[in-house]
Amino acid sequence: MKPDTPALFTETALVRRKYRQETVAKWVFFVMAAAMIIPLLLIVGYLMVKAAPSLTLGFLLDVPVRGMTEGGIWPAFVGTIYLVFISLAISAPIGILAAVYLNEYARDNWFNRVINLAVINLAGVPSIVHALFGLGAFVYAARFGYSILSASLTLAIMTLPVIVASTREALASVPRSFREACWNVGATRWQTIRAVVLPNSISGILTGVILQVSRAAGETAPIMFTGAVFYKAIEKGDLFAYGLHEQCMALSMHLYTISTQVPGVKESIPYATAVVLLGSVLLVNAAAIALRVYMRSRTKW
Amino acid sequence: MSDPVPYAITTQDLNLWYARFQALIRVTTRIKHGLITSLIGPSGCGKTTLLRCFNRVNERYGYVTTTGEIKLHGKNIYDPDVSLVELRKSVGMVFQRPNPLPISVYENVVFGMRIHHARAQLSRARLDEAVEKALTEVGLWNDLKDRLGMKATGLLLEQQQKLCIARLLPLKPEIILMDEPCSALDVEGTRAIEELMFAMKGRYTIVIVTHNMAQARRASDECIFMLMGELIEHNRTEELFLNPHNPKTAEYIEGRYG
Ligand SMILES: Nc1ncnc2c1ncn2[C@@H]1O[C@H](COP(=O)(O)OP(=O)(O)OP(=O)(O)O)[C@@H](O)[C@H]1O
Ligand SMILES: [Mg+2]
């Protein structure tokens, strides 16, 4: 071996530089990840600490008292449940079935592409625009008045495009080879959809729908314009407090009201309301994940 | 043409366009009943397309226009009284990548029956019998008879491919189309599939696309060479390989060997 040839397998300058780059890259990514997660934890922690004095089951089941400065949030909580469930009960079936049609039956022509573009753009329309649309269409034109029905329909219109888009994505992710297997034994489109397409995309579809729960629960503008009120007196703990044609309270709106409109609210109450809103959404999302895992693990469908 | 023709598939001046691109150009061929016919040619020459014509499944892949005539056992499959469901039932297809459905082995085999029969017609006994028969025929029964409930996607690739063939059998197909059925398999798997093809020969008409000259030579009775959407030569396999009439055929075969 000549004296000036480097020993085998030792670091060269180039390798050292690559290692340095590697370290820098790793830390940059780590810091970004931390920058994302830490504020989140801080916010949740801060909320919990501030809310602690009011966080009891009683708070959830009670009605607000003394001009909403004390008491619980039951009417708002029930109102939100009503709005979310009714709106998704309307938008989920329509959205899913429409997406199945668009993805499985409709030919890939300009009309289909225009619809696709429209759906994507509708999904990005600000909620205040949906609010105005709901006001014009449901409250006035359809004469549903300011009511749970109008508000739910407005929320349904708002969530529909996103459900269509996410369902299409879930359907499109079913491998073509599964469909081919069906076509080549003479299955009709509907048989193909029922036997392989839906079973293999249902978890994606449901996830898409359930993610809309948080949107429907969180938006304030659409319901404020169409059916939510500041205050409504109902029985404490009554689950069937509202009728379709009545107005209702809702958590998001209630939070806005007690933090900005009502003087002298007990300090922990707005925080506790936020925690309940956040907690319910997280609970629903967790349920979605659990459902998904369960569906994935099932061997037979 | 009144005497019983030994031809399972005949095409006359078959043209096919994907949108504006012509993928098949005046293909005229006669494929004999009960034999194994291989389809060779360079990538993109239209082998898969031609295969998909025989059960009209091309129509499910985008914009396709077809002219000309395709007859299966003398029956024009573009006749208005032809039901696509029945056509595809009797012309089965096997793919390059085994594509068992993500369900149990058992359900995979009876899948076709479930598609074509009302639920009440399918007794458990009838299904069990069909499964045993089909799996025995492809040589999987002994390996899998205790594992019929396992997910088909967990099988070995070779077993998956055999299962995909078995899946066609309960429908009593006349013709089985195979699109490079061995290209995802190793030597052992390839041999197993070829043996299966030999065993099935006679009862079924088999058309197989392959990029493997040796396989075409070993496994087929007749051979069709295609180039750029045109059928160049169709002959008995030994004849086509030993004594190609068309210089293009000779070039392709030799190029592949060289
Ligand atoms: N769905 C489709 N839409 C448009 N063009 C297509 C479609 N399928 C195939 N083609 C085109 O038609 C021609 C023939 O394709 P085909 O798949 O039949 O070739 P092939 O002989 O099977 O090739 P390979 O050996 O690679 O499988 C190719 O040029 C291909 O690009
Ligand atoms: Mg091909």
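Where a number appears in this text, it was derived from the coordinates with a stated rule and is not lab data. As the structure is a prediction and not an experimental result, all values here were calculated from the model. FYI the Cβ positions are ideal-geometry reconstructions off the backbone, even for glycines, and counts take in every protein chain you see.
The ratio of the alpha-carbon radius of gyration of the range B:7-254 to the globular-protein estimate 2.2 N^0.38 Å is 1.02. Taking 7 Å steps out from each Cα toward its Cβ at A:Arg292 and A:Val15 produces label points 4.2 nm apart.
Amide H to amide H distances under 5 Å link B:Val64 with B:Ala19, where only residues 5 or more positions off or on other chains count and H is placed in the peptide plane.
What is the packing order of peptides A:125-135, B:59-69, taking the mean over residues of other C-beta atoms within 10 Å and listing the highest first?
Packing order, densest peptide first, comes out as A:125-135, B:59-69.
In the range A:57-297, Cα pairs under 8 Å separated by at least six residues give a relative contact order of 30 percent.
For the residue pairs B:Lys47/B:Lys75; A:Lys236/A:Lys266; B:Lys71/B:Lys151; A:Lys26/A:Lys50, alpha carbon separations beyond 31 Å are given by B:Lys71/B:Lys151; A:Lys26/A:Lys50. Using R0 = 35 Å, the C-beta based FRET efficiency linking A:Ile37 and A:Val262 works out to 0.55. Net charge within 15 Å of B:Leu14 by Cβ-Cβ distance, Lys/Arg positive one each and Asp/Glu negative one each, not counting B:Leu14 itself? Taking every other residue near B:Leu14 into account, the sum is +2. For peptide B:158-170, the mean count of partner chain Cβ atoms within 10 Å of a residue's Cβ comes to 1.
Is the C-alpha gyration tensor of the range A:196-301 telling us rounded, prolate or oblate? Criteria: a/c under 1.5 is rounded; beyond that, a/b larger than b/c is prolate, otherwise oblate. Cα axes put the range A:196-301 in the prolate bin.
Per residue of peptide B:109-118, the mean number of Cβ atoms on other chains within 10 Å of the residue Cβ is 3.
Note on the protein assembly as shown: with charges restricted to the Cβ of Lys and Arg (+1) and Asp and Glu (-1), its dipole about the Cα centre is near 500 debye. At an R0 of 51 angstrom, the distance between the Cβ atoms of A:Ser173 and A:Val65 translates into a FRET efficiency of 0.50.
When the alpha carbon coordinates of the range A:1-132 are projected onto the principal axes, the ranges are 91, 58, 24 Å, largest first.
When each of the peptides A:21-32, B:70-81, B:239-250 is scored by how many other beta carbons lie within 10 Å of its residues on average, the order from highest to lowest is B:239-250, B:70-81, A:21-32. Label-to-label distance for A:Tyr101 and B:Thr28 is 4.7 nm, based on points extended 7 Å past Cα in the beta-carbon direction. Scanning residues 5 or more positions from B:Asp179 or on other chains, those with amide H under 5 Å from its amide H are B:Val94, B:Phe95, B:Gln96, B:Val209, with H placed 1.01 Å from N in the peptide plane. For the residues of B:101-108, the average number of beta carbons from a partner chain within 10 Å of their own beta carbon is 4.
When N counts the residues of the protein assembly as shown, how does its alpha-carbon radius of gyration compare numerically with 2.2 N^0.38 Å, as a ratio?
1.34
In this simple spin-label model, placing a label point 7 Å from the Cα along the Cα-to-Cβ direction at both B:Asp143 and A:Trp27 gives a separation of 5.5 nm. Overall, the anisotropy analysis places chain A in the oblate class: the square-rooted eigenvalues a ≥ b ≥ c of its C-alpha gyration tensor yield a/c not less than 1.5, with a/b not exceeding b/c. Highest-first packing order for the peptide set B:195-204, A:198-207 is A:198-207, B:195-204, based on the mean count of other beta carbon atoms within 10 Å.
The Rg/Rh ratio for the range B:1-131, using Cα coordinates for both the radius of gyration and the Kirkwood hydrodynamic radius, is 1.01.
Were the residues from A:Val284 through A:Ala142 laid out at 0.36 nm apart, the gain over their Cα-Cα distance would be 47.9 nm. For B:Leu227, the residues 5 or more places off, or on other chains, whose built amide H falls under 5 Å of its own are B:Ile232.
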